[in-house]
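The values are calculated or read from the model by the stated rules, or taken from the named source; none is laboratory data. Note that the structure is predicted; figures quoted are calculated from it, not measured. Ideal geometry is used to build each Cβ from the backbone, glycine not excepted, and the neighbour counts take in all protein chains shown. When the accessible area is computed, the model is the full protein with side chains, heavy atoms only, and any ligands, DNA or RNA have been set aside. Shrake-Rupley method; radii C 1.70, N 1.55, O 1.52, S 1.80 Å.
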Amino acid sequence: MKQSKVFIPTMKEVPAGADALSHRLLLKAGLIKQSTSGIYSYLPLAARVLNNIETIVREEMEAIDAVEILMPALQQAELWEESGRWGSYGPELMRLTDRHGREFALGPTHEEVVTSIVRDELKSYKQLPLTLFQIQSKFRDEKRPRFGLLRGREFIMKDAYSFHADEASLETTYQDMSQAYTNIFRRVGLNVRPVVADSGAIGGSHTHEFMALSDIGEDTIVYSETTDYAANIEKAEVAYVPNVKHDDVKELTKIETPNVHTAQELADFLNKPLDEITKSMIFKVDGEFIMVLVRGHHEINDVKLKAYFETDHIDLATQAEIVNLLGANPGSLGPIFEKDIKIYADNALQDLNNIVVGANEDGYHLLNANVDRDFTVENYGDFRFILEGESLANDAGIAKFAEGIEVGQVFKLGTKYSEAMNATFLDNQGRAQPLLMGCYGIGVSRTLSAAVEQNNDDSGIIWPKAIAPFDIHVITLNPKKDEQRELGDQLYDDLRQSFDVLYDDRKERAGVKFNDADLIGLPVRVVVGKNAAEGIVEVKRRDTGESEDVAVSELVDYVTALYAQVK
Ligand code: ATP
Ligand code: MG
């Protein structure tokens, strides 16, 4: 295409608040335009990149017999009431009301709709397995939309859903889908790592996330250099390393701790290391209050608590609830009380004597509290986030951290939706059984942004060639000169036979053209300049920056060979 006809509004200065590199580059290179918070238009170059990604996705889906459909974005509340999620999904669900007062949601995901479609049609085990997918805009009223396309309120997702008669079949599709995702991200040019993730109250190791490694990533990946273990930090299990037990049990002593509200303030006040302090927190688990203890340098992991208690409903107690329950504010809580509140302690508290805890009285703490003598622990468990350098459970090695962007997730749902929504099939004995389901998502627009996050330099984007908006950038430096314009036109026509070519025919200064070309970042550039009359042009790789003068007669062969080398 001729650049004079394409809409590419490149920018010199990006607006304040564009906080991720990919966000800034996509704005600067004229690929996206913000409508309002978390909502963007994809301009011509971005539309082409999306198309390229979607083509790869479609090819890999077809290869595993997943079939494309397109479901409505507008979903009636009744479906969500059937699954129970109209109540539980919370404020991320964009809700609206039609002229008759009926309630709807703009789809953030499609388990309900897809289950309602198949439940009337899939009647026999002979029709199974079946995998359906779509590529569509999704809507989530994210609390903090940010980083441009990485966390939008409207974004493009590929979502797939599979239906099975038995576990083995679900497992097969789960593995096929995981492999397809690995292929997709490799082909797209992303450095992605699959990690074990949390599957919420359903439990088990039924889900993996695909993480694009990047400093901007909002997820922490825990991995080991000595094994192939990799998990989301929410899930990474801590090995219990026994503490050295001291047997000099000392007398419980109450001390005044004025203006001390946090573990760090208490450690400073007592001049002790943070790990000698014990933090006590009150949670409400399915409506019942419990106390959880962790050491001062550890953070409670509510995902692990949810898995331990097998519930989605765990909240930190409010200040008012805590004062009402224990008569003290959150900064002075401890495990010694007369109430019927069960105490759960992190494994790292096992065998520790003489710990420092709150006195359940504002402004006071207790030294030398001892389990069994002063309070009872209902159970020990892994209730906290692992720290870098600690041992992972199951001999998985030493924990190392990396940041990642979640670009995809695969999930075994089991019968969660089919049971709630009464989606059954008849097995080979003629008995009605709930369908087993899997769901699988790729953030298509997030993938575009993650690809930019991983592939750039100081001058702009360096598109992996599989998804680049065009393959070749032909630039005529001064189209007012006949020999340059004519040669440019000719090369554009020649190269167009085998490549997608963007032809910069604009009457702009050379500096502007080079800047824009660097920003836009197409894999190979052909510059028609002052040597045009001699039939010489310059060919440059965007990734390495290497350039060479090439005779026009050899140009197509040269570019074809060079393009083949580019990643
Ligand atoms: P996150 O934890 O980042 O909020 P999620 O786990 O809620 O994501 P899923 O429900 O697994 O997301 O959705 C499937 C995929 O859709 C994700 O892996 C991600 O790539 C993409 N995605 C989810 N939320 C957004 C968003 N707000 N903006 C862009 N892409 C998103
Ligand atoms: Mg996810």
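Its relative contact order, with pairs defined as Cα atoms under 8 Å and 6+ residues apart, puts the chain at 17 percent. Remark: the chain projects, on average over all directions, an area of 33.4 nm² (convex hull of Cα atoms).
Sorted largest first by accessible area at a 1.4 angstrom probe radius, with every protein chain in place, the residues 210, 139 fall in the order 139, 210. Of all aspartates and glutamates in the structure, those lying under 12 Å Cα to Cα from residue 12, and not within fewer than 8 positions of it along the same chain, are 516.
Legend: Rg and Dmax of the range 251-379, from Cα coordinates, 13.7, 40 Å. Of the GluC sites (Glu not before Pro) in the range 473-567, the ones in a loop by DSSP (not H, G, I, E or B) with at most 10 other beta carbons within 10 Å are 546. As I understand it, the value is the acute angle between the Cα axis of helix 444-454 and the longest principal axis of the Cα atoms of the chain; what does it come to in degrees, rounded to 10? Computed tilt is about 80 degrees. Placing unit charges on each Cβ (+1 for Lys and Arg, -1 for Asp and Glu) gives the range 469-563 a dipole about its Cα centre, and among 511, 487, 537 the Cα reaching farthest toward its positive end belongs to 511.
Think of the range 131-272 as having a plus end and a minus end, set by charges on the Cβ of Lys, Arg, Asp and Glu; of 164, 241, 190, 190 sits farthest toward the positive end of this dipole.
Give me the percent relative contact order of the range 1-155, please, defined on Cα pairs under 8 angstrom at least 6 residues apart.
Working: 188 pairs, mean separation 40.7, N = 155.
Relative contact order for the range 1-155 comes out at 26 percent.
In units of the compact-protein estimate 2.2 N^0.38 Å, the range 382-432 shows a Cα radius of gyration of 2.05. If one computes P(r) from the Cα atoms of the range 469-563, what percent of pairs lie at distances over 23 Å? More than 23 Å apart: 12 percent of the Cα pairs in the range 469-563. As an exercise, identify the trypsin sites (Lys or Arg not before Pro) in the range 249-308 lying in DSSP coil whose Cβ has no more than 15 other Cβ atoms within 10 Å. Counting only loop positions with at most 15 other Cβ atoms within 10 Å, the trypsin sites (Lys or Arg not before Pro) in the range 249-308 are 250.
Annotation: average projected area of the range 119-194 is 7.3 square nanometres, based on the convex hull of Cα atoms across all directions. Pairs with C-alpha atoms separated by more than 27 Å, drawn from the list 5/481; 33/540; 339/416; 33/235; 33/530, are 33/540; 339/416; 33/235; 33/530. Contact order, relative form, for the range 251-379: 30 percent (alpha carbon pairs under 8 Å, 6 or more residues apart, mean separation divided by residue count). Relative to the longest principal axis of the Cα atoms of the chain, the long axis of helix 510-520 lies at roughly 40 degrees.
Measuring with a 1.4 Å probe in the full set of protein chains, what accessible area per residue, in whole Å², belongs to the chain?
Details: 26160 Å² over 567 residues.
Here the per-residue accessible area is 46 Å².
Taking each DSSP H run with n ≥ 4 as -39500 (n - 2.57) and averaging over every residue of the chain yields -7500 deg cm²/dmol at 222 nm.
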